[in-house]
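Peer 1: After the structure tokens below, expect a handful of questions from me.
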Amino acid sequence: MSAWPTSSATVSTLLTLSDITTASASFDPDSSEYETPLLQLLSEARSKGYDSISLPLTTEKWRARWAEMCLLKPGSDRDKEIGAEQKAERWRSRPGFSMDEVTLTRLGE
């Protein structure tokens, strides 16, 4: 039986939207050595012994918009269904997110 390679094992921590929101609310770019709240959270995780972090890429605002476009309630009227389908197709043809729909706002985070 072969042994597990020890060099490939990493330890990650999960950051939630609540963690990100709290860090963003208390973040002061003028007094912090980090450029963004996420970079500060990453540094804190590494100082606790974690190799990486796992975090949601989208916010609740995006999830609500996605649900509006992609999930139809049973018994929805046909006009509402058509409107949701058209909105979803417009997004699929040119996908994009608003700044408040994502947790990462720049490359390098």
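Peer 1: Is one or more of the residues making up segment 85-95 under 22 Å from THR22 (Cβ atoms) and among the basic types (Lys, Arg)?
Peer 2: Filtering segment 85-95 down to residues under 22 Å from THR22 (Cβ atoms) leaves none.
Taking every residue of segment 85-95 in turn, none turns out to be under 22 Å from THR22 (Cβ atoms) and among the basic types (Lys, Arg).
Peer 1: Give the number of residues within segment 79-109 that are surrounded by 11 or more Cβ atoms within 10 Å (Cβ to Cβ), assigned to a loop (DSSP other than H, G, I, E, B) and either on the phi > 0 side of the Ramachandran plot or at pLDDT 85 or above (or both).
Peer 2: Total meeting the criteria: 2.
Residues are listed down the side, and each one gets a yes or a no for (1) of a type outside the set (Lys, Arg); (2) out of contact with any strand residue (DSSP E or B) (no Cβ under 9 Å at 6 or more places or on another chain); (3) farther than 16 Å from THR105 by Cα; (4) in contact (Cβ under 8 Å) with a residue 40 or more places away in the chain:
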site: SER24; (1), (2), (3), (4): yes, yes, no, no
site: ASP30; (1), (2), (3), (4): yes, yes, yes, no
site: TYR34; (1), (2), (3), (4): yes, yes, no, no
site: TRP62; (1), (2), (3), (4): yes, no, no, yes
site: GLU68; (1), (2), (3), (4): yes, yes, yes, no
site: PRO74; (1), (2), (3), (4): yes, yes, yes, no
site: LYS80; (1), (2), (3), (4): no, yes, yes, no
site: GLU89; (1), (2), (3), (4): yes, yes, yes, no
site: ARG92; (1), (2), (3), (4): no, yes, yes, no
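Peer 1: Collect the residues in segment 13-62 that are open to solvent by less than 40 Å² (accessible area, probe 1.4 Å) and of a type in the set (Phe, Trp, Tyr), keeping them in residue-number order.
Peer 2: PHE27, TRP62
The values are calculated or read from the model by the stated rules, or taken from the named source; none is laboratory data. Everything numeric here is computed off the predicted structure, so don't read it as measured data. Note: ideal-geometry Cβ built from the backbone for every residue, glycine included; neighbour counts use all protein chains shown. Heavy atoms of the whole protein, side chains included, go into the accessibility calculation; ligands, DNA and RNA do not. Shrake-Rupley method; radii C 1.70, N 1.55, O 1.52, S 1.80 Å.
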